[in-house]
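I have a structure here, written as structure tokens, and I will follow up with some questions on it.
None of the figures in this text is laboratory data; all of them are computed from the coordinates on show. Bear in mind that the values here come from a model prediction, so they are computed numbers and not experimental data. Here the Cβ positions follow ideal geometry from the backbone for every residue, glycine too, while neighbour counts run over all protein chains shown.
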Amino acid sequence: MTTYAVGDLQGCLKPLQQLLEKVHFEPGKDCLWSVGDIVNRGPDSLEALRFCHQLGNSLQMVLGNHDLHLLAIAHGVRAPSRNDTLEAILKAPDRNQLLNWLQLQPLMVSRGDWLMVHAGIPPQWTRDEALIRAREISNVLQDPEQANAFFQGMYGDQPDQWNDQLTGSVRWRMITNYFTRMRFCSATGKLELRSKSTPNEPPAGYAPWYSHPHRKTRQWKIIFGHWAALQGQPCGSNLFPLDTGCVWGGPMRLMNLDTGTCFHQHL
């Protein structure tokens, strides 16, 4: 069995299929890890979602901010934005099956030495602390009443600093923003969510989440996406950025976890 990891799909199914064909991927034998954002912005969000769903146990994914945005729209707490490409999913006959499956997906995966998240893990959290908080959100999403409250309170940039005393929707929002939206933060995990610039141009007082020298997950191999401006460039030991901006004109990246070899394919 070979495990591969792919960057943000964002509705770009064709390059993923070409990459899997290139490496002779065999569902049922091999496994595909996805860093999330499998929908939105690209041309084939519905088919990308269906493809991932049909992989069954051969797929391991984490939720990204675009996946959660889709679920919030489906729950009726958010209207689609002008740039969304989600209408086909919302009108699909298998909509409920697909969305129910999507809502069951986690925010973090841990297997052996590997961790996978969509955006990152704040520097002040250990692996175990991050897993506990990711599971907390999974439990919320699997409770219908709490899930609706979660999506109603999901949007927003505050609070911007973790505190163990946070409760309810503000606590859930803080955890979710770390896992699905974070790029820059302070050494203590204070978030700056407005900037989407390259890591060499951080806002004053902030740095890329992975660059803080006392980050507590430095010994783990972390697969992540979300930050297309990184262009998949090396950013430190045990860090594997996979979002190479396929939907923005870059390639899609597929990495063999066993060998570290990366394969690329444009839309």
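What is the gain in length, in nm to one decimal, between E47 and K196 on full extension, counting 0.36 nm per residue of separation less the C-alpha to C-alpha distance?
Additional length available on full extension: 50.8 nm.
Could you compute the net charge surrounding P208? Neighbours are other residues with a C-beta less than 13 Å from the C-beta of P208; K and R count +1, D and E count -1.
Values: positive: R183, K196, R215; negative: E192, E201.
Local charge sum for P208: +1.
Local charge sum around G120 (other residues, Cβ-Cβ under 11 Å, Lys/Arg +1, Asp/Glu -1)? Don't skip to the end; give the middle numbers.
Numbers: positive: R181, R183, R215; negative: none.
So the environment of G120 carries a net charge of +3.
Roughly what percent of Cα-Cα pairs across the chain reach past 25 Å?
Details: 14410 of 35511 pairs.
Beyond 25 Å sits 41 percent of the P(r) for the chain.
Given the C-alpha centroids of region 246-267 and region 92-129, what is the distance between them in whole angstrom?
A separation of 20 Å, based on Cα centres.
Okay, next question. Give me the lysines in straight-line cross-link reach of K22: C-alpha distance below 21 Å, same-chain residues under 8 apart excluded.
K14
So for each of 126-139, 73-86, 156-169 I average, over its residues, the number of other beta carbons within 10 Å; can you give me the resulting order with the highest mean first?
Highest mean packing first, the order is 126-139, 73-86, 156-169.
Right, something else. Tell me which lysines have Cα within less than 22 Å of K216's Cα, excluding those fewer than 8 residues away on the same chain?
K190
Taking the Cβ of D37 as the center, what net charge do the other residues with Cβ under 9 Å away carry, scoring Lys and Arg +1 and Asp and Glu -1? List each step's numbers first, then the result.
Values: positive: R41; negative: D8, D67, D243.
Once all neighbours under 9 Å are counted, the net charge is -2.
Moving on to the next point. Using θ = phi - 60° and the Karplus form 6.51 cos²θ - 1.76 cosθ + 1.60, what ³J(HN,Hα) does each residue of region 54-71 get, whole Hz, x for Gly and Pro?
6, 5, x, 6, 7, 10, 10, 10, 10, 6, x, 5, 6, 5, 5, 4, 4, 5
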